[in-house]
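Data block below; observations after.
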Amino acid sequence: MNPNSIVITAIEVYQAPIRLKKPFVISLGPLTHAENIYVVIRTSQGLSGFGECSPFKTINGESMETGFVVAQYLAKKLAGMNPLEIEKCTVAMNSVIYGNSSIKSAFDTALYDIAAQNAGLPLYQFLGGKNNKTIETDYTVSLGDKDAMADDALQIKNRGFQVIKVKVGGQKEEDIERIRLIRKTIGPEIPLRLDANQGWNTQDTIEILNAVADCNIQLCEEPIPRWNYMELPEISKQSPIPIMADESCCDHHDAKRLIDLKACNLFNIKLGKSGGIFTALKIISLAEKAGKKIQIGGFLESRLGFTASAHLALTSKNIVYFDFDTPLMLTDDPVIGGIQYLENGKIQIPETPGLGASIDPDFLKSLSNVVIKK
């Protein structure tokens with residue numbers, strides 16, 4: 001196909017609220033629905049790209065409603081452009097509006113889907129990756145009563161998951177009790193990952209992590225408020241547990257700052273924070289040069305959004321942790337194709353050209369939507 005002959009002819013934007021099987025509770029508050037947006041980009045050559053985002057009000061300052069509005073600004077700008085020129089499309093979106101990384105990530109994924117289809121390659125191959133590693137997701141215990149959290153952790157273990165993520169970020173003594181009870185309940189073997197979602201202060205972080213150092217903790221995500229990142233170097237020095245930057249590491253500028261400060265051991269990359277694959281690849285490059293390991297995670301996307309994340313996860317040997325459990329928490333699964341969940345949390349990635357995932361047309365018809373045409 002002549003790359004100069006393809007243009008974006010229409011962009012469809014869908015509001016897609018999907019109920020969770022049970023409330024998902026973190027230190028920033030409870031969630032009952034994944035309030036997601038699907039973006040479908042149609043082209044003059046008949047290729048269609050699919051993307052998804054899961055706006056998160058308390059983390060990236062976006063909602064399903066604001067994303068739906070901003071998506072129309074972006075669609076009007078991209079209509080008529082060449083979808084294979086991803087850098088130009090990214091610059092164009094950034095020229096329209098600052099920030100709004102969540103909704104931009106849905107457009108970004110759809111553009112990469114088209115480009116990889118056009119090249120006849122699965123997305124991970126188009127990105128230069130290889131399907132040469134086992135991707136195995138953790139499963140998350142919501143923040144709550146310590147006995148209920150321990151029961152949830154035991155159920156997760158009994159379902160075969162090999163890593164358990166634990167939401168913390170409450171009061172110091174209560175969080176120590178939660179972690180120690182979970183460890184006692186599930187036994188010593190399965191590693192735990194802690195995620196405080198900015199819920200602690202510096203001194204409590206150091207005391208908590210030292211108090212649970214014997215609990216086979218793999219890492220701790222974003223223990224303190226993101227704006228207080230200058231405290232992370234001291235925490236990393238005093239913590240026996242590796243510190244992972246999440247909310248404080250959105251784009252490559254954040255990553256460079258954290259590397260220069262020696263602030264953390266690990267990065268958590270989410271497409272909804274980075275604005276998509278284009279910038280995520282820049283973070284990965286910086287992490288590789290600095291020798292930092294990476295986790296690929298997400299928000300409350302369906303299997304479509306996490307399929308993009310799984311393709312990205314095959315692009316670097318430094319990507320060693322995977323947090324892909326959210327689609328298992330949703331009541332509906334409207335995705336055709338995409339990643340498949342196997343035993344013990346293992347993930348199978350599609351080998352078809354492009355993303356290898358789309359949304360059931362009947363499901364799309366049931367959603368509030370807008371179409372922007374060239």
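Read-outs throughout are calculated quantities, based only on the coordinates presented, and are distinct from any laboratory measurement. Quantities reported herein were computed from a predicted structural model and do not represent experimental measurements. Every residue, glycine as well, gets a Cβ built from its backbone with ideal geometry; the counts of neighbours run over all protein chains shown.
Sorting Met244, Met230 from the fewest to the most surrounding beta carbons within 10 angstrom yields Met230, Met244.
Taking the DSSP bridge list for the chain and keeping only pairs wholly inside it, about 60 percent are antiparallel. With springs connecting C-alpha atoms under 10 Å apart, model the chain as a Gaussian network and identify which of His253, His311, His33 has the largest mean-square fluctuation. Among His253, His311, His33, the largest mean-square fluctuation in the Gaussian network model of the chain belongs to His253.
Placing unit charges on the Cβ atoms only, positive for Lys and Arg and negative for Asp and Glu, gives segment 126-358 a dipole magnitude near 860 debye about its Cα centre. Listed values for segment 274-288 are Karplus-derived 3J(HN,Hα) couplings in whole Hz (6.51 cos²θ - 1.76 cosθ + 1.60, θ = phi - 60°), namely 7, x, x, 5, 3, 7, 4, 5, 5, 5, 4, 4, 5, 5, 4, and x replaces Gly and Pro.
Shape class for segment 58-188: oblate, because the ratio a/c of the largest to smallest gyration tensor axis (alpha-carbon atoms, square roots of eigenvalues) is 1.5 or more and b/c is at least a/b.
With the charge dipole of the chain set up from +1 on Lys and Arg Cβ and -1 on Asp and Glu Cβ about the Cα centre, the Cα lying farthest toward the positive end among the listed residues Gly128, Ile319, Val335 is that of Gly128. Cross-link pairs exceeding 19 Å between alpha carbons, from the set Lys77/Lys373; Lys293/Lys317; Lys21/Lys184: Lys21/Lys184. Residues Tyr38, Tyr73 in ascending order of nearby Cβ atoms (within 10 Å, fewest first): Tyr73, Tyr38. The residues packed around Thr66, meaning those with a beta-carbon under 12 Å from its beta-carbon, carry a net charge of -2 if Lys and Arg are +1 and Asp and Glu are -1.
Its Cα gyration tensor gives segment 41-99 an equivalent ellipsoid, and the semi-axes of that ellipsoid, as √(5λ) in whole Å with the largest first, are 23, 13, 10. Local charge for Gly169 was computed over the other residues whose Cβ lies under 11 Å away, with Lys and Arg +1 and Asp and Glu -1, and equals -3. Taking the convex hull of the alpha carbon positions in the chain and averaging its projected area over all directions gives 16.6 nm².
Taking the chain as a Gaussian network of alpha-carbon nodes connected by springs under 10 Å, the highest mean-square fluctuation of the residues Ile11, Ile241, Ile190 belongs to Ile190.
Counted by Cβ distance under 12 Å from Gly49, the other residues give a net charge of -3, where Lys and Arg count +1 and Asp and Glu count -1.
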